[in-house]
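Input: a single structure, listed below in structure tokens.
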Amino acid sequence: MTRPQRPPKSAAPDPSNIDTTQRPFVLIWEVTQACHLACNHCRADANPLRHPEELTTEEGKRLLDQASEFGPGQLVVLSGGDPLTRPDLTELVEYGTKQGLRMTLTPSGTTSLTPETVSQLGDAGIKRLALSLDGGSASAHDSFRGVDGSFEQTVQAARAARDAGIPLQINTTVCAQTVDELPALRDLVADLGAVLWSVFFLVPVGRGRVLDPLTPDHAEEVMEWLSAVSDDAPFGVKTTEAPHYRRVSIQQRRDSIDAPSNDGIGRRLGISAGDGFAFVSHTGELFPSGFLPKSVGNVRDGGLVEGYRESELFRALRDRDNLRGKCGSCEFRHICGGSRSRAYAHTGDPHASDPLCAYVPEGYTGPMPTGRASSD
């Protein structure tokens with residue numbers, strides 16, 4: 001049988017030329033919260049059942065139409081839950097690809113993620129497959145993910161992506177329960193032929209509230225280690241919800257704040273919640289990030305582009321002079337800015353200092369970030 005011809009590649013815009021006041025570098029659409037895993041850190045607190053008010057197929061297509069208004073090659077990440085629980089997933093990928101979007105996917109490591117499914121997604125136009133591995137062995141990963149066999153299923157899918165010519169990204173959550181797995185994971189990421197290792201530093205939302213985050217000093221050590229890994233690894237390294245990794249990298253490489261248009265490891269500077277980043281929930285709510293659940297409206301009303309560009313919250317998050325406390329006094333605030341999601345989770349104020357950062361600006365004598373927001 002002749003395989004269907006894959007769609008032509010959408011040209012990726014130059015990250016250094018993206019004006020993040022006008023378009024996000026990455027738009028994440030949580031297509032569902034349904035998932036058959038029970039991951040300890042799950043932001044969505046996912047369960048096996050789909051929500052009855054999820055965006056429908058037609059509403060999803062209208063969302064992708066809106067996303068295309070940001071400009072050619074807009075990056076869209078379909079996330080969950082597990083996107084594979086939606087029977088229209090391939091249809092949505094094909095539609096977004098035809099609209100000129102760069103469609104990527106973060107599926108869960110379940111029995112649905114077969115090599116055949118991976119190949120079909122490639123034929124539909126997927127530009128990258130991002131898979132999660134939180135341990136370098138089956139026992140470590142499966143314990144964290146809550147389902148036996150998830151590790152093997154994920155590794156099988158990673159190899160299928162490689163065989164299908166789909167660029168592979170590996171996502172890893174860093175917390176006290178997983179940090180010792182990082183060296184083994186580094187080797188596994190290389191062995192799988194991934195192009196990028198995305199390391200997520202825990203934000204206490206969803207089921208992640210019960211996990212133990214790293215201390216600021218320990219997080220600093222991990223970021224220094226990741227920066228050293230990036231020097232020699234055959235893959236790129238980025239962090240999620242840890243923008244101070246940019247500061248660590250610059251300090252290690254230049255001992256200077258005189259930074260160029262990227263951070264020395266090939267990534268766009270300054271992307272954070274609401275500033276180069278936007279998140280649409282399964283029910284259509286528009287947030288600065290999935291970890292900063294303050295809605296500025298619903299995309300069912302057609303407000304994706306206007307909400308990103310003009311909403312008071314998004315505009316405020318893009319102005320680093322709004323930062324308070326230690327982050328507001330930091331000379332690195334325009335290339336780092338701290339995790340606005342973590343600040344919000346701990347204090348209820350998205351402009352407060354990030355409590356994970358160990359760095360103290362010279363001469364700073366104000367209060368250090370502490371506390372935890374109420375659950376109200």
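The values are calculated or read from the model by the stated rules, or taken from the named source; none is laboratory data. Computed from a prediction, not measured in an experiment: that's the story for all the values here. In this analysis, Cβ positions are derived from the backbone assuming ideal geometry, glycine residues included, and neighbour counts consider all displayed protein chains.
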Among residues of the stretch 145-168, those that are buried (at least 23 other Cβ atoms within 10 Å of the Cβ) and touching a residue at least 60 places away in the same chain (Cβ under 8 Å), counted: 2
Test for Thr110: is it surrounded by fewer than 23 Cβ atoms within 10 Å (Cβ to Cβ), hydroxyl-bearing (Ser, Thr, Tyr) and in contact with a strand residue (DSSP E or B) (Cβ under 9 Å, 6 or more places away or on another chain): no
Of all residues making up the stretch 60-73, the number that are in contact (Cβ under 8 Å) with a residue 40 or more places away in the chain and either polar (S, T, N, Q) or not in a helix (DSSP H, G or I) (or both): 6
Those residues that are under 14 Å from the mean Cα position of the chain (by Cα) and either farther than 15 Å from Thr56 by Cβ or acidic (Asp, Glu) (or both), I need them from the stretch 278-301; list them, please. Ala278, Phe279, Phe287, Pro288, Ser289, Gly290, Phe291, Leu292
Of the numbered conditions (1) assigned to a loop (DSSP other than H, G, I, E, B); (2) touching a residue at least 40 places away in the same chain (Cβ under 8 Å), Ser295 satisfies every one except a single condition; which is it? (2)
Taking the condition among the aromatic types (Phe, Trp, Tyr), in contact (Cβ under 8 Å) with a residue 40 or more places away in the chain and surrounded by 15 or more Cβ atoms within 10 Å (Cβ to Cβ), does Phe287 pass? no
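Which residues, taken from the stretch 229-243, are in a loop (DSSP other than H, G, I, E, B) and under 21 Å from Val26 (Cβ atoms)?
Result: Phe235, Glu241, Ala242, Pro243.
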Kindly check whether there is at least one residue in the stretch 326-343 that is farther than 23 Å from Ser249 by Cα, in contact (Cβ under 8 Å) with a residue 40 or more places away in the chain and not charged (D, E, K, R). no
Going through the stretch 74-93 one residue at a time, which ones are touching a residue at least 40 places away in the same chain (Cβ under 8 Å) and touching a helix residue (DSSP H, G or I) at 6+ places or on another chain (Cβ under 8 Å)? Gln74, Val76, Leu78, Pro83, Arg86, Leu89, Leu92
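Residues checked against (1) outside any loop (DSSP other than H, G, I, E, B); (2) modelled with pLDDT under 95; (3) surrounded by fewer than 23 Cβ atoms within 10 Å (Cβ to Cβ):
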site	(1), (2), (3)
Trp29	yes, no, no
Ala38	no, yes, yes
Arg50	no, yes, yes
Glu54	no, no, yes
Glu58	yes, no, yes
Leu78	yes, no, no
Leu92	yes, no, no
Met103	yes, no, no
Within the stretch 277-299, residues at pLDDT 95 or above and not hydrophobic (A, V, I, L, M, F, W, C) come out as Ser281, His282, Thr283, Gly284, Glu285, Pro288, Ser289, Lys294, Ser295, Gly297, Asn298
Going through the stretch 232-253 in order, the residues found to be in contact with an Asp or Glu (Cβ under 9 Å, 6 or more places away or on another chain) and of a type in the set (A, V, I, L, M, F, W, C) are Ala242, Val248, Ile250
When you look at Leu226, is it crowded, with 20+ Cβ neighbours inside 10 Å, modelled with pLDDT of 95 or more, touching a helix residue (DSSP H, G or I) at 6+ places or on another chain (Cβ under 7 Å) and not in a helix (DSSP H, G or I), yes or no? no
What number of residues within the stretch 274-291 are of a type outside the set (Ser, Thr, Tyr), in contact with a Ser or Thr (Cβ under 9 Å, 6 or more places away or on another chain) and farther than 12 Å from Thr21 by Cα? 8
Taking the stretch 306-365 as the region of interest, how many residues are polar (S, T, N, Q), within 19 Å of Asp19 (Cβ to Cβ) and at pLDDT below 95? 0
